[in-house]
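A.B. asks: Have a look at this one.
The values are calculated or read from the model by the stated rules, or taken from the named source; none is laboratory data. None of these values were measured; they are calculated from a predicted model. Ideal geometry is used to build each Cβ from the backbone, glycine not excepted, and the neighbour counts take in all protein chains shown. Note: areas computed on protein heavy atoms with side chains; ligands, DNA, RNA excluded. Shrake-Rupley method; radii C 1.70, N 1.55, O 1.52, S 1.80 Å.
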Amino acid sequence: MTDTAHLATHPGPPLWLLAELTYRCPLQCSYCSNPLEFAAIADELSTQAWCDVLTQARTLGAVQLGFSGGEPLVRRDLEQLVAHAHGLGFYTNLITSALGLDEARITALRDAGLDHIQISLQAGDAEVAAAVAGSPKAHARKLAMARAVKAAGYPMVLNVVLHRHNIDDIDAIIALCDDLGADAVELANCQMHGWAQLNRAGLLPSRAQLEAAEATTARWRERLAARGRDMRLLFVVPDYYADRPKACTGGWGTLFLGVAPDGTALPCHSARALPMAFPRVQEQSLASIWYDSDAFNRFRGEAWMPRPCRDCDERHQDHGGCRCQAYLLTGDPTATDPVCDLAPAHHLIEAARDEAAAHDRPVSSLIPRNVHESRVFCRQ
């Protein structure tokens, strides 16, 4: 029996829990990975319900916990949830836009036991950042809070989602991160889920843009090393320019467990896009969801794989690729991820690349994340 076949019947515990506390957010990023219909998902788990989820996840074996959203700082009970997670022994990470953050809240989160803060930037330039995020004041606020986070004793970890409208400015983006004193920078090319999929034609960079950005990042690594500057640069290539798919979340139902604001449990944070039912923590225990539910077992192991996946020597590495991506591109969640150059539907990826090379769309053409309800900042 292969390791992946064994996994299908005897999965290990989840190691990483993503707690999406809310879909509310003050920004309108056109690449947001939240579901397009997020405004219809108004219910959020209570403080006690989230504490129960965290306790169950830690009992299952999860060791790392990300607080995400939307914007998790919208939740007034965030410090209480952090303290509960710290008491359970989680390593905790806050993934935030930094809007809603100030020195007093940084101190409160640190006192509650928060281990790590990751702040997102939209661009190196305030004008481009405002065009993408829909907030003219957000950029300056982010920079101030990045400095405040480092002053509080946290490492400064920045995430920049790269796309067609900021990737040509990557030199300025990295220079800004360097000037801020960043310890680590994730230059993550936009993955086409949620709002990014809706805006794909306006977000996907051309191959020439991508190659130039990679070369610039390499030069910066050399420059930083020569200075003895320890700022780690991680460059994440977009799936559409890879020849093989990534192992989505380390493999379906293998390492990652996400819980959405309304209690829906997900094998990856984008899985709500799939035409299937997912269990809710209000109705089943996390142990039952992880080990026994159809949703979490659907794409475990190899039995579900079509050809050429099931005959491929790399199936143990990529686990068949991304199910959400396969569905969004082909309409079939069981299809081979079209990113793979062996996939029957790989021509769809090639067509998207050709479109990106042939057409340029202004940033004004992007459809912003709908925020009709997310302007209401604090409900809990």
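A.B. asks: Return the pair list, or none, for Cβ contacts closer than 6 Å from residues in the range 254-273 that are in contact (Cβ under 8 Å) with a residue 40 or more places away in the chain and on the phi > 0 side of the Ramachandran plot to residues that are open to solvent by 10 Å² or more (accessible area, probe 1.4 Å) and not in a loop (DSSP other than H, G, I, E, B), at least 6 apart or on different chains.
C.D. replies: Gly263/Arg280
A.B. asks: Can you tell me which residues in the range 234-255 are in a loop (DSSP other than H, G, I, E, B) and of a type outside the set (Val, Ile, Thr)?
C.D. replies: Keep residues of the range 234-255 that are in a loop (DSSP other than H, G, I, E, B), which gives 237-238, 242-247, 251-255.
Pro238, Ala242, Asp243, Arg244, Pro245, Lys246, Ala247, Gly251, Trp252, Gly253, Leu255, listed by residue number.
A.B. asks: If you go through the range 318-346, how many residues are surrounded by 20 or more Cβ atoms within 10 Å (Cβ to Cβ) and polar (S, T, N, Q)?
C.D. replies: Looking only at that region, the number is 2.
A.B. asks: Let me ask something else about it. Can you tell me which residue is farthest from Trp16 (Cα to Cα) among those in the range 268-303 that are open to solvent by 70 Å² or more (accessible area, probe 1.4 Å), among the charged types (D, E, K, R) and assigned to a helix (DSSP H, G or I)?
C.D. replies: Among those that are open to solvent by 70 Å² or more (accessible area, probe 1.4 Å), among the charged types (D, E, K, R) and assigned to a helix (DSSP H, G or I), it is Asp294.
A.B. asks: If you don't mind, another one. Based on what the data block shows, is Arg105 under 18 Å from Glu186 (Cα atoms), surrounded by fewer than 17 Cβ atoms within 10 Å (Cβ to Cβ) and either touching a strand residue (DSSP E or B) at 6+ places or on another chain (Cβ under 6 Å) or among the basic types (Lys, Arg) (or both)?
C.D. replies: no
A.B. asks: Any residue in the range 15-29 that's basic (Lys, Arg): show its pairings with residues that are open to solvent by 10 Å² or more (accessible area, probe 1.4 Å) at Cβ separation under 6 Å, as long as the two are six or more apart or on different chains.
C.D. replies: Arg24/Gly70
A.B. asks: Now, a different point. List every residue pair whose Cβ atoms sit under 8 Å apart, with the two residues 6 or more apart in sequence or on different chains, where the first one lies in the range 82-101 and is of a type in the set (Phe, Trp, Tyr) and the second, anywhere, is modelled with pLDDT of 95 or more and assigned to a helix (DSSP H, G or I).
C.D. replies: Partner pairs satisfying both residue conditions: Phe90/Leu54; Phe90/Arg58.
A.B. asks: Kindly establish whether Glu214 is under 21 Å from Val161 (Cβ atoms) and in a helix (DSSP H, G or I). Please lay out each step first, then the result.
C.D. replies: Values: under 21 Å from Val161 (Cβ atoms): yes; in a helix (DSSP H, G or I): yes.
Judged against the criteria, Glu214 is a match.
A.B. asks: Could you list all residues from the range 16-43 that are crowded, with 24+ Cβ neighbours inside 10 Å and among the β-branched types (Val, Ile, Thr)?
C.D. replies: Across the range 16-43, the qualifying residue is only Thr22.
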